[in-house]
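The values are calculated or read from the model by the stated rules, or taken from the named source; none is laboratory data. In this text, all values refer to a predicted model and were calculated from it rather than measured experimentally. Reconstructed Cβ throughout: ideal geometry from the backbone, glycine too, with neighbour counts over all protein chains shown.
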Amino acid sequence: MALHCPATLLLAPAPRDAKGVAELAESLTGERVLGVVREPGDDVGRRLAEVLDVPLEDEPGLTAAEPPPSVLAEISDLHRGETVVVLVAAGEAPFVRHEID
């Protein structure tokens, strides 16, 4: 039995340009996104956070093609009861939903 709310992580491939940012933002319509987590230095992550008008966080563990479960667990621990977009190097577009207890 979980004693806390799950975090909802929307894993999305990092957009490559402004058009990709706009398309991802549009696909998130209807989602209550409260933050964007990116690989440090990823400029498109900053642009997505600006478009969504949400806080931006850096996560060094996102440098791998597929983030390790430990990194996703760390992110979810910080965002219990929230929905955040996690920009990853590769994945299914527009995003894949993961609820982590």
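Values computed for the structure shown
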read-out	value
When residues of the stretch 77-89 are limited to those that are farther than 17 Å from Val54 by Cβ and outside any strand (DSSP E or B), the one modelled with the lowest pLDDT	Ala89
Long-range neighbours under 7 Å by Cβ, at least six apart or interchain, first residue over 18 Å from Glu82 (Cα atoms) within the stretch 21-36, second among the small types (Gly, Ala, Ser)	Leu24/Ala12
